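Working notes for the structure below.
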Amino acid sequence: MRLSIDVLLDYGFYAPADLLLAIEVAMLPDQKLIENRLTTWGTAALVPIAGEDGIGRRTWSQGEFGIRAQYTATVELDRPLVALAPLAAEPLGMIPAGVISYLFASRYCDVESFSPWVRRRFGDLTGGTQVLAMADWIRREIAYVPGASDARTTAADTFLRREGVCRDYAHLLIAMARAAGIPARMVGCYAPGVAPPDFHAVVEVWLAGGWHLVDPSGLADPATIVRIGVGRDAIDISFLTVFGTAFFNEQRVTVVEAAAGG
């Protein structure tokens, strides 16, 4: 599948600010960049740096009055379909060093508070079957309500309120999986068909020696997800981090299937 991505960001600043931008598609074996271009207006020089775990890249810059950025990309996806249910959880003593941090609590994903409930509700399941049961529970029990959460909302808040958006669904699955001893990380991504169109957040879980995509919101097919970056939770995958105070002018994200030759 070939996807065409078109992003426009326009934010104003009350005072000059440093910026960390993360909207470029990551170059990975299962998603080949055919072309891409990032253009900004109103900013200083762009300084690219590696993303978390070496996946994708982020870009430092500065803005005096704001930032207007446009990003376009064409991506070819070639992702083998892997059934999650048969995949086994890796014994804790065999989890690689670079994966261990995704077992622990992070700012938005408290693990200890979920552990007793996860054991009672999903303790008779293991591995991929357990992850799928958690994701199904989240889809059934959590209502997708735009505006129901903000930058302070944690997985525990979402569990109690029973509503949220994609980042809240992702935080909740991450907290549950980690509570079950399964490493889980957040993925910032693009995907066609997400309504309303926007940046999307999903989850990768570590099973059978590798990372596997899961969308607990059900808004995107893992086969059509284009990764931007990964991290412990929403802090690490923010598409725009402003070290200062910003206000919204305009934002647009369009992801559509493209013809193979165009």
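The values are calculated or read from the model by the stated rules, or taken from the named source; none is laboratory data. None of these values were measured; they are calculated from a predicted model. Cβ sites come from the backbone with ideal geometry, for glycine too, and all protein chains shown count toward neighbours.
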Which ones in segment 212-262 are polar (S, T, N, Q) and within 19 Å of the chain's Cα centre (by Cα)? 217, 224, 238, 241, 251, 254
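For every residue, the table says whether it meets (1) without any contact (Cβ under 8 Å) to a residue 60 or more places away in the chain; (2) out of contact with any strand residue (DSSP E or B) (no Cβ under 9 Å at 6 or more places or on another chain); (3) not aliphatic (A, V, I, L, M).
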position	(1), (2), (3)
197	yes, no, yes
202	yes, no, no
207	no, yes, no
220	yes, no, no
232	no, no, yes
Going by what's in this entry, would residue 156 be described as over 14 Å from the mean Cα position of the chain (by Cα) and more than 26 Å from residue 207 (Cα to Cα)? no
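Condition check ((1) surrounded by 12 or more Cβ atoms within 10 Å (Cβ to Cβ); (2) on the phi > 0 side of the Ramachandran plot; (3) in contact with a Leu (Cβ under 6 Å, 6 or more places away or on another chain)) across all residues:
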| residue | (1), (2), (3) |
| --- | --- |
| 77 | yes, no, no |
| 87 | yes, no, yes |
| 98 | no, no, no |
| 110 | yes, no, no |
| 120 | no, no, no |
| 133 | yes, no, yes |
| 147 | no, yes, no |
| 150 | no, no, no |
| 153 | yes, no, no |
Based on this model, can you work out whether residue 69 counts as assigned by TED's automatic domain parsing to the domain that holds residue 26, touching a Ser or Thr at 6+ places or on another chain (Cβ under 6 Å) and of a type outside the set (Val, Ile, Thr)? yes
Within segment 160-172, does at least one residue satisfy the condition of being more than 16 Å from the chain's Cα centre (by Cα), of a type outside the set (D, E, K, R) and over 18 Å from residue 24 (Cβ atoms)? yes
Take the conditions assigned to a helix (DSSP H, G or I) and assigned by TED's automatic domain parsing to the domain that holds residue 196 and apply them to residue 156. Does it pass? yes
Spot the failing condition for residue 158; the list is (1) surrounded by 17 or more Cβ atoms within 10 Å (Cβ to Cβ); (2) touching an Asp or Glu at 6+ places or on another chain (Cβ under 8 Å); (3) on the phi > 0 side of the Ramachandran plot, and only one is missed. (3)
Could you figure out which of (1) at pLDDT 95 or above; (2) closer than 21 Å to residue 237 by Cβ isn't true of residue 79? (1)
Against the definition (within 17 Å of the chain's Cα centre (by Cα) and of a type outside the set (Asp, Glu)), how does residue 111 come out, yes or no? no
Taking segment 15-32 and keeping only residues that are out of contact with any Leu (no Cβ under 8 Å at 6 or more places or on another chain) and surrounded by 20 or more Cβ atoms within 10 Å (Cβ to Cβ), one is left with 17, 26
Selection within segment 60-87 - of a type in the set (A, V, I, L, M) and either out of contact with any strand residue (DSSP E or B) (no Cβ under 7 Å at 6 or more places or on another chain) or outside any strand (DSSP E or B) (or both): 81, 82, 83, 84, 85, 87
Any residue in segment 1-14 that is crowded, with 20+ Cβ neighbours inside 10 Å sitting within a Cβ distance under 9 Å of a residue that is charged (D, E, K, R)? List the pairs, counting only those 6 or more apart or interchain. 3/76; 3/257; 7/252; 9/68; 9/250; 9/252; 11/68; 11/250
Condition (residue is in contact (Cβ under 8 Å) with a residue 40 or more places away in the chain and in contact with a His (Cβ under 6 Å, 6 or more places away or on another chain)) applied to segment 101-111: is it met by at least one residue? yes
